[in-house]
Every structure is written in C-alpha cells, then in structure tokens.
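K.L.:
Quick one: this structure, given as structure tokens, is what I'll be asking you about.
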Amino acid sequence: MTTSASAGKAKPEALGRVTFLDGQGELPMLEISTAWSTAAMYLHGAHVTQFKKKDEPPLLFVSQCSRFAEGQSIRGGIPVVFPWFGSREGLGQHGFARVKAWDLKEFTPAPDGSVSVRLRLPDCPEAAGFPAFTADYIVTVNQSLTLQLVVTNQSRDAEFTFENCLHTYFDVGDVTAISISGLKGLSYLDKVAGFMEKTETNEALRIASEVDRVYLNATGRVEVLDPRLSRKILVEKQGSASTVVWNPWITKARQMPDFGDEEYERMICVESGNVASNSISLPPGGSSTLAVKLSSETLK
Ligand code: BG6
C-alpha cells in the first residue's frame, strides 16, 4: 500500500475542501470533500464517522442510537483505540483516546485533489500513568481513506508499551451474506469462547452468530465481499500485526444501549492494530506508525 496522498490527476478546480461544522451533540466536526468522495470527522476521539465515494453507498456504519457526547465513544465509524485494547482493571474499555477531544494541528488540501488532516491527542490526566508520548493521527481523503496513527515515546529513559487499533465499522447490506477473506491459517483468540486460541481454517469467514476474534500475527490485507451492496471492501495495512473481527449478533446488540437491536445485520467490524501479544514496545525516542488504507470496488 502507499500512504502518500496519491489520488491521480485532479483538475485545479477540484481541490479538496474542509468545512467546520457543529456535528451531532454540538461536537465540533470536519466535513471533507474531494472530487471523488466526502468524509466526516469529529475532533472528539479523532473519530472518522463517514467516508463515501460519489457513486457508492457509505463505507462506514454508524448506529442510529450512538451517543455524541463528551466522555462517550461514538458507536460506529472508526474509534481510535489507544493506548490499550479491551478492558483494563479500574480503567475504561479500549483506552482513553476515543473519548478525548483531539487538537486539530493542520489540514492540507493537496494539488492532487486529496485532503489530509492531522490531529494530536492532548495531554490529559489519564496519560500520566504512561511514559511521556505523543500520538498524531493523519487522515487522508481521496478515492480511498488512509489513516495513520503515529506514536512517539518522548521519555528519556522508559520503554512505552501500548496497544492500538482502528476499530473500523463497515456498512454492509446483510452481514450473513458477506464473506471475509485474508485470515486463513492465522491463530486467533476467540473472545466468545473465553479467549481460547484457535486457528482459522476457512478460506472466507461467514457470520452466522456472535463473532469476536483477535487474529494474531495478521499483517496481510483483508477483503470483505458484500454481494447485497455489490461491493468489495479492501483493508490494507502497514505496522499492524493484529486484525480483530467483531459482530455482536442478537443478544449483545440488545444489551448495548447505544446500538439498535437489529443493527448487527448491517455492520461488521474489521479492525487493524497491534493488540494482546502483538502489543508494541517503543524504546525512549522510538516511534511507530499504524497505517491503514480503506478502499472499495463496485462489483459488476
Ligand atoms: C471489539 C472487542 O473490538 O470491540 C469486543 O473485541 C467489544 O469485545 C467491541 O465488545 C466493542 O467495544 P465497545 O467498548 O466499543 O463496546
């Protein structure tokens, strides 16, 4: 994959645009438009809530019941999970990055028509338990959506160990009709079976019950084939050794206050990151980049 904003040739008048708006819950939001696509992003959580190519349905799922409020994660889009994944005793699930208002550092409409936005996680009391670090998030919009989470250990003498994950919710026509490929042969932790370690034997994963799997040493690209929306979604990544696949199915969907009872039918999470035994340890001064490119093709 390339992480540069190479979007092919665009006419000068097709320069991308960034518009500042009050989003839902009056949270500050950026609307990004390019010649090929539109995207929406909240400063709250550095949360991308939408990416839509002009001739396609929206790529990302957002729950009709999502909260849009300080201190709460948005249900859908792309929550930035950092500096830990899952639950941690006495602390919130999936880290604090997804519930903080990130600082907008710059936005660049490039001559090729793409737009890049860079945000930084602000200092916050929760970060005090970790060595000094910075976390930057660069989102590039063109025909595809590219996300880069750059973490740098700013401490002089301490190693910084963390997990990260771009917890992407995709919009699908019918979750029982999709197939997810690119995972065969990998070991995974099956969270539905008490974190039992298993091996993926299927060429393509089908969803017919609750699925919550952490695929380990999973560096390759994943494809989601969606016959109902006549679309293939491609997830390409660098600096990521884990892929998480999640669908809450019926019972969990009913238990989640910020998720509709039937919405599990219309979403699948394919998450790219570094979690569990794939967590990252950075020496003082060290830096790591998790880069994910999301793209799609219409099936003829
Ligand atoms: C997934 C986890 O990444 O996120 C699941 O593997 C979890 O176990 C899901 O239920 C949603 O988490 P949350 O905190 O957003 O409800």
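K.L.:
What aspartates and glutamates could a cross-link reach from Lys252, if we take a straight Cα to Cα line under 13 Å and drop same-chain neighbours fewer than 8 places away?
P.N.:
Candidates past the 8-residue exclusion: Glu210, Asp212, Asp261, Glu262, Glu263, Glu265.
K.L.:
Write down the accessible area per residue of region 158-294 in Å², having rolled a 1.4 Å probe over the full set of protein chains.
P.N.:
39
K.L.:
Which one of Asp226, Asp55, Asp103 has the biggest mean-square fluctuation once the chain is modelled by GNM with Cα springs under 10 Å?
P.N.:
Evaluated over the chain, the most mobile residue of the options is Asp55.
K.L.:
Continuing with the same structure: Whole-Å semi-axes of the chain's equivalent ellipsoid, largest first, each the root of 5 times a Cα gyration tensor eigenvalue?
P.N.:
Equivalent ellipsoid of the chain: 26, 25, 19 Å, largest first.
K.L.:
Taking every pair of distinct Cα atoms and averaging 1/r, then inverting, what Kirkwood hydrodynamic radius in Å comes out for region 84-236?
P.N.:
For region 84-236, the Kirkwood estimate is 18.4 Å.
K.L.:
Sticking with this structure for a sec: Taking a probe of 1.4 Å, how large is the accessible area per residue of region 12-120, in Å²?
P.N.:
For region 12-120, the solvent-accessible area averages 44 Å² per residue.
K.L.:
Oh, and also: On the accessible surface of the chain, probed at 1.4 Å, how many percent belong to carbon and sulfur atoms?
P.N.:
48
K.L.:
When the dipole is taken about the Cα centre of the chain, and only Lys, Arg (+1) and Asp, Glu (-1) are charged at their Cβ, what size is it in debye, to the nearest 20?
P.N.:
600
K.L.:
Considering the options Gly182, Gly260, Cys124, tell which one lies farthest towards the positive end of the dipole of the chain, charges being +1 on Lys and Arg and -1 on Asp and Glu at the Cβ, about the Cα centre.
P.N.:
Gly182
K.L.:
When the dipole is taken about the Cα centre of region 163-258, and only Lys, Arg (+1) and Asp, Glu (-1) are charged at their Cβ, what size is it in debye, to the nearest 20?
P.N.:
In debye, rounded to 20, region 163-258 gives about 120.
K.L.:
Relative contact order for the chain: what percent, with Cα pairs under 8 Å and sequence separation of 6 or more?
P.N.:
18
K.L.:
At what distance in nm do the modelled label points of Arg67 and Asp190 sit from each other, each positioned 7 Å from its Cα along Cα→Cβ?
P.N.:
Distance between label points: 3.3 nm.
K.L.:
So, by mean Cβ neighbours within 10 angstrom, what's the order for 168-177, 285-294 with the highest one leading?
P.N.:
Ranking the peptides 168-177, 285-294 by packing returns 168-177, 285-294.
K.L.:
Follow-up question, since we're still on this one. I need the peptides 244-253, 69-78 ranked by packing, meaning the mean over residues of other C-beta atoms within 10 angstrom, with the highest value on top.
P.N.:
69-78, 244-253
K.L.:
What do you reckon, how do Met29, Met267 stack up by accessible area (1.4 Å probe), largest on top?
P.N.:
These residues rank, largest area first, as Met29, Met267.
K.L.:
Between Ala208 and Lys105, what length comes free when the chain is fully extended (0.36 nm per residue of separation minus the Cα-Cα distance, one decimal in nm)?
P.N.:
Roughly 32.8 nm would be gained on extension.
K.L.:
From the cross-link list Lys191/Lys232; Lys52/Lys232; Lys54/Lys184; Lys52/Lys237, which pairs have alpha carbons spaced over 23 Å apart?
P.N.:
Lys191/Lys232; Lys54/Lys184
K.L.:
Compute the convex hull volume of the Cα atoms of region 102-146, divide it by the residue count, and report the result per residue in Å³ as a whole number.
P.N.:
73
K.L.:
Using the Kirkwood formula over every pair of different C-alpha atoms, what hydrodynamic radius in Å results for region 150-300?
P.N.:
16.4
K.L.:
Convert each backbone phi in region 262-275 into a coupling constant with the Karplus relation 6.51 cos²θ - 1.76 cosθ + 1.60 (shift: θ = phi - 60°), then list the ³J(HN,Hα) values in order as whole Hz, x for Gly and Pro.
P.N.:
Ordered by residue, 3J(HN,Hα) equals 9, 5, 4, 6, 10, 9, 8, 9, 10, 10, 10, x, 9, 9 Hz.
K.L.:
Along the Cα-to-Cβ line of Glu26, 7 Å from the Cα, sits a label point; which residues in region 36-59 have backbone N less than 17 Å from it?
P.N.:
Under 17 Å, as judged by backbone N against the label point of Glu26, lie 43-44 of region 36-59.
The values are calculated or read from the model by the stated rules, or taken from the named source; none is laboratory data. Quantities reported herein were computed from a predicted structural model and do not represent experimental measurements. Reconstructed Cβ throughout: ideal geometry from the backbone, glycine too, with neighbour counts over all protein chains shown. Side chains are part of the model used for accessible areas, which takes the heavy atoms of the whole protein and leaves out ligands, DNA and RNA. Shrake-Rupley method; radii C 1.70, N 1.55, O 1.52, S 1.80 Å.
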